[in-house]
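**Student:** One structure coming up, written as structure tokens, with questions to follow.
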Amino acid sequence: MEFYRASARRWTGLKQVATRGKGVIVVVSPWNFPIAIPCGGIAAALAAGNTVILKPASDAVLVAWELCQCFWRAGVSKKTLQFLPCPGASVGEKLVLHADVDGVILTGGTDTALRMLHEKPALQLVAETGGKNATIVTALSDHEQAIRNVLHSAFSHSGQKCSATSLLLLEAEIYDDPAFRNALREAVESLRVGSVWDFSTRIGPLIRPPSGELEWALTSLDEGEEWLVKPRRDPVNPHLWSPGVKYGVQAGSRSHCTEFFGPVLSVMRFTSLDEAINLVNETGYGLTSGIESLDEREIEHWRAHVRAGNLYINRPTTGAIVLRQPFGGFGKSHIGPGMKAGGPNYLAQFMTFEEHLHETPGRNIEHPRLEHLRMHIRGRAPDEPEMGRLITAIESYDRARTDEFSQEHDHFRLIGEDNVRRYPAFREVRIRIHPDDTFFEIFARTCAAKAAGCRITVSSPPDLDLAPVLLLESLTEPWAGAIEFIEETDEHLANAIQHHRTRRIRYAAPARVPAIVRSAAAESGFFIADAPVLVEGRVEMLWYLREQSVSHSYHRYGNLGVRTREQRAEPL
């Protein structure tokens with residue numbers, strides 16, 4: 001609550017834009033975090049200036065009702081925050097698709113999110129959709145620490161966390177080691193299963209008796225698989241299952257790629273770190289990911305190549321904390337712009353920004369390509385007001401890059417743990433040109449993508465005679481392979497989305513996105529950035545970057561090693 005209030009003040013304090021809410025935001029919250037997730041959604045939407053309708057999961061209605069009582073007692077109007085418990089498949093579906101709803105915050109299944117988009121492709125959807133989270137354990141790890149962290153990640157809350165580890169990748173030396181196998185088995189078998197009212201319990205009940213994919217995972221093996229620890233159902237309570245661990249999981253199998261929301265861990269063998277990273281990335285999900293290793297070279301290589309929104313090093317993969325580890329994933333683990341819950345950019349998804357230009361003194365531009373472009377634009381731009389606006393934008397993009405987006409931020413600097421927020425650029429961004437695009441809209445998007453560090457594709461419809469595109473091509477010739485100009489129809493662009501040949505598409509306005517492209521994006525949950533193009537770099541550059549949280553426990557049993565003398569925050 002305090003963080004989102006402070007975050008709203010920062011956004012409304014930007015000088016080049018004015019902010020307002022989008023309108024009506026529907027928060028569709030899950031049962032497994034019945035307080036934290038709906039509270040975060042409500043608080044963020046209200047702080048951004050919206051009204052809110054809360055539609056909780058049916059299993060968590062009473063908790064959500066008590067939460068709303070807290071907001072109402074604090075003075076939030078019952079018109080501003082409305083409570084609507086209802087079945088998701090009937091009334092809930094009509095609610096999120098209603099014409100007067102301006103945005104939806106969903107935490108739930110990928111299929112649920114895609115159904116929403118299928119029915120309403122232009123839906124402003126911010127969804128966290130789970131994952132097939134993996135932990136890699138290399139031969140250069142602390143084996144006992146790895147087992148402890150993996151057990152907590154996989155089986156706390158009976159594996160019913162979207163961030164829970166359900167895939168364990170062991171380097172061959174460890175996988176083949178009978179001592180490690182026995183230690184893992186004994187550790188899993190030692191976990192007490194029972195009622196949550198018994199405080200010695202480590203594995204509590206499932207929300208309901210398992211069915212579908214989870215039931216299969218708890219009772220079945222694929223070819224080549226074997227039970228290290230076979231899960232067992234309590235003879236009296238069908239909600240209680242002991243944890244299961246299956247060895248011999250093969251690449252591409254059901255156990256490798258399917259999300260199982262319960263206490264079952266799939267174990268795979270690898271011989272090189274690159275092989276392990278590929279196995280993780282091949283799931284298509286990217287919510288949380290962990291590594292257990294004491295080798296800094298392995299850690300850095302993994303950080304650079306694994307695709308997940310929240311990375312955890314030598315610690316459990318669960319337990320994100322506001323601002324310390326903002327939460328949200330990549331790939332099939334999210335739908336929408338991708339700003340992380342509990343992070344400084346989250347509110348921007350629920351705000352509308354209107355440009356209010358102010359005179360600002362010129363500044364030196366640190367990015368050499370942007371400085372070169374600014375100098376050449378001065379004498380060749382066709383429209384004087386557009387030229388001045390573009391120069392202001394280039395300066396703002398460079399400032400945002402320098403101050404925020406090129407930096408790694410650790411707000412807490414805890415002793416023994418790094419908690420970094422960083423912004424990897426999209427590998428490729430496609431700037432889609434429309435006949436109604438202005439000189440500023442074409443150039444500004446390209447400059448923002450360049451400032452972010454993306455490889456840029458400027459995509460124009462065939463036979464479009466647009467002088468600014470030719471001017472852009474001429475002025476960016478020194479960028480060489482960093483920018484490509486292509487012609488493609490809307491049908492070809494839709495095909496590129498369907499076959500994952502582009503990572504992000506930036507249009508200049510929602511009305512310029514044709515139905516065929518919008519529908520292709522909705523089918524796969526692909527996000528199209530179509531907000532108006534802004535001078536303010538702190539807002540505009542969000543469309544070209546992803547947020548990633550990295551949490552690294554660098555101590556070993558309290559020993560800080562070579563980092564003993566670092567200046568860190570003092571404990572309270």
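**Student:** Fully extended, how many nm does the chain gain between residue 84 and residue 500 (0.36 nm per residue separation, minus their Cα-Cα distance)?
**Tutor:** Working: separation 416, 0.36 × 416 = 149.76 nm, distance 3.73 nm.
That works out to 146.0 nm of additional length.
**Student:** To continue, here is another question. For semi-axes √(5λ) of the Cα gyration tensor in Å, several values are listed as (1) 71, 25, 21; (2) 44, 34, 24; (3) 42, 28, 24; flag the one computed from this structure.
**Tutor:** Comparing each candidate, only (3) matches the computed number.
**Student:** What is the calculated FRET efficiency for residue 278 to residue 484, with r their C-beta to C-beta distance and R₀ = 25 Å, to the nearest 0.05?
**Tutor:** Working: r = 27 Å, r/R0 = 1.08.
FRET efficiency, residue 278 to residue 484: 0.40.
**Student:** So in the chain, what percent of DSSP beta bridges are antiparallel if you round to the nearest 5?
**Tutor:** The antiparallel proportion sits near 30 percent.
**Student:** Moving on to the next point. What do you get for trypsin sites (Lys or Arg not before Pro) in region 13-73 restricted to DSSP loop and a cutoff of at most 13 other Cβ within 10 Å of the site's Cβ?
**Tutor:** Within region 13-73, the qualifying trypsin sites (Lys or Arg not before Pro) (loop, at most 13 other Cβ atoms within 10 Å) are 15.
**Student:** Still on this structure, please answer the following. Between helix 61-73 and the chain, what is the angle of the helix's C-alpha long axis to the longest principal axis, kept within 0 to 90° and rounded to the nearest 10?
**Tutor:** 50 degrees
**Student:** Using a cut-off of 11 Å between beta-carbons, work out the net charge of the residues near residue 225 (Lys and Arg +1, Asp and Glu -1, residue 225 not included).
**Tutor:** Summing Lys/Arg as +1 and Asp/Glu as -1 gives -1.
**Student:** Another question about this same structure. How would you classify region 372-524 from its alpha-carbon gyration tensor, with a ≥ b ≥ c the square roots of the eigenvalues: rounded for a/c under 1.5, else prolate if a/b is greater than b/c, otherwise oblate?
**Tutor:** It comes out oblate by the Cα gyration axes.
**Student:** Given a Förster radius of 22 Å and the C-beta distance between residue 70 and residue 9 as r, what FRET efficiency does 1/(1 + (r/R0)^6) yield to the nearest 0.05?
**Tutor:** Efficiency for this residue pair is about 0.50.
**Student:** Using alpha carbons only, how many degrees (0 to 90, rounded to 10) separate the axis of helix 178-189 from the longest principal axis of the chain?
**Tutor:** Rounded to the nearest ten degrees, it is 90.
**Student:** Nearest 10 degrees is fine. How inclined is helix 36-47 to the longest principal axis of the chain, computing both from alpha carbons?
**Tutor:** It works out to around 20 degrees.
**Student:** So which of 94/161; 22/132; 22/55; 15/332; 55/246 end up more than 26 Å apart by C-alpha?
**Tutor:** 94/161; 22/132; 15/332; 55/246
**Student:** Ignoring any ligand, DNA or RNA, what whole percent of the accessible area of region 1-89 comes from carbon and sulfur when the probe is 1.4 angstrom?
**Tutor:** Looking at region 1-89 in its full context, I get 61 percent from C and S.
**Student:** Okay, next question. Could you provide, to the nearest whole Å², the per residue accessible area of region 208-324 with probe 1.4 Å?
**Tutor:** Roughly 41 Å² per residue, with all protein chains present.
**Student:** Counting heavy atoms of the protein chains only and a 1.4 Å probe, report the per residue accessible area for region 510-572 as a whole number of Å².
**Tutor:** 48 Å²
**Student:** Run lengths n ≥ 4 of DSSP H only: what is the helix-derived mean residue ellipticity at 222 nm for the chain, with -39500 (n - 2.57) per run over all residues, to the nearest 500?
**Tutor:** So the calculated ellipticity at 222 nm is -9500 deg cm²/dmol.
**Student:** Sort 298-305, 245-252, 276-283, 102-109 for me by packing, meaning the mean count of neighbouring Cβ atoms within 10 Å per residue, highest on top.
**Tutor:** Going by the mean number of other Cβ atoms within 10 Å, highest first, we get 102-109, 276-283, 245-252, 298-305.
**Student:** At what distance in nm do the modelled label points of residue 568 and residue 122 sit from each other, each positioned 7 Å from its Cα along Cα→Cβ?
**Tutor:** A separation of 5.1 nm, rounded to one decimal place.
**Student:** Can you pull the one-decimal nm distance between simple spin-label points at residue 403 and residue 197, each 7 Å off the Cα toward Cβ?
**Tutor:** Going by the 7 Å Cα→Cβ label model, 5.6 nm.
**Student:** Using per-residue counts of other Cβ atoms within 10 Å, averaged over each peptide, order 558-566, 464-472 from highest down.
**Tutor:** Values: 558-566: 9.4, 464-472: 15.1.
Peptide ranking by packing, descending: 464-472, 558-566.
**Student:** Give the calculated FRET efficiency between residue 511 and residue 179 to the nearest 0.05, with a Förster radius of 56 Å applied to their Cβ-Cβ distance.
**Tutor:** 0.30
**Student:** Still on this structure, I have one more. Any chance you could run the full-extension gain for residue 465 through residue 557? It's 0.36 nm times the residue separation minus the Cα-Cα distance, nm to one decimal.
**Tutor:** Here the segment from residue 465 to residue 557 would lengthen by 26.5 nm.
The values are calculated or read from the model by the stated rules, or taken from the named source; none is laboratory data. What you are looking at is a predicted structure, and each value in this text was computed from that prediction instead of being measured. For neighbour counting, all protein chains shown are included, and Cβ atoms are generated from backbone atoms with ideal geometry for every residue, glycine included. Heads up: the accessible areas ignore ligands, DNA and RNA and are worked out on the full protein's heavy atoms, side chains in. Shrake-Rupley method; radii C 1.70, N 1.55, O 1.52, S 1.80 Å.
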